[in-house]
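Please read the structure below before turning to the comments.
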Amino acid sequence: VQLQASGGGLVQAGGSLRLSCAASGRTFSSYAMGWFRQAPGKEREFVATMSVSDDITYYADSVKGRFTISRDNAKNTMYLQMNGLKPEDTAVYSCAARRLGVASRLESSYDYWGQGTQVTVSS
């Protein structure tokens, strides 16, 4: 499967953005999905993940209550709604897919990765 992330940009602190991750292929609905981010000079970190059945989601503590992960299997697309953005949310955000349909926080458990989209939050 190929993944294409989009929707990044420059936003002021307190603002919102919605990232999208479009997937190719007909098996999107069978994959667990995740969002990760990498800030300058830092390692990539987990942001959010969703199981195949949508009933299980996990979030990093730093984004819980502000970010919402969702998916539209009919459109082969996953989303990350980001509200209340903070300067520390500035990073390149990447989406990933996991053949095993269970939500996971582990970067190493994902099989497919899309290119990142830059999110910059100004103070």
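Some notes on this structure:
- Any hit, the range 93-116, residues being among the aliphatic types (A, V, I, L, M) and under 16 Å from Leu17 (Cα atoms): no
- The residues of the range 15-55 that are closer than 16 Å to Ala74 by Cα and open to solvent by 40 Å² or more (accessible area, probe 1.4 Å), listed by number, are Ala22, Ser24, Gly25, Arg26, Thr27, Ser29, Ser30, Val52, Ser53, Asp54.
- Checking Arg105 against (1) part of a loop (DSSP other than H, G, I, E, B); (2) at negative phi; (3) touching a residue at least 40 places away in the same chain (Cβ under 8 Å); (4) open to solvent by less than 60 Å² (accessible area, probe 1.4 Å), the condition it does not meet: (4)
- Taking the criterion of being charged (D, E, K, R) and either out of contact with any strand residue (DSSP E or B) (no Cβ under 7 Å at 6 or more places or on another chain) or closer than 17 Å to Gly114 by Cβ (or both), the residues of the range 7-64 that qualify are Arg18, Arg26, Arg37, Lys42, Glu43, Arg44, Glu45, Asp55, Asp61, Lys64.
- Restricting attention to the range 73-102 and to residues that are under 24 Å from Gly14 (Cβ atoms) and part of a helix (DSSP H, G or I), the residue that is most open to solvent (accessible area, probe 1.4 Å) turns out to be Glu88.
The values are calculated or read from the model by the stated rules, or taken from the named source; none is laboratory data. Just so you know, these numbers come straight off a predicted model, no measurement behind them. Virtual Cβ from ideal backbone geometry, glycine too; neighbours counted across all protein chains shown. Calculation scope for accessible area: heavy atoms of the full protein, side chains included, ligands and nucleic acids excluded. Shrake-Rupley method; radii C 1.70, N 1.55, O 1.52, S 1.80 Å.
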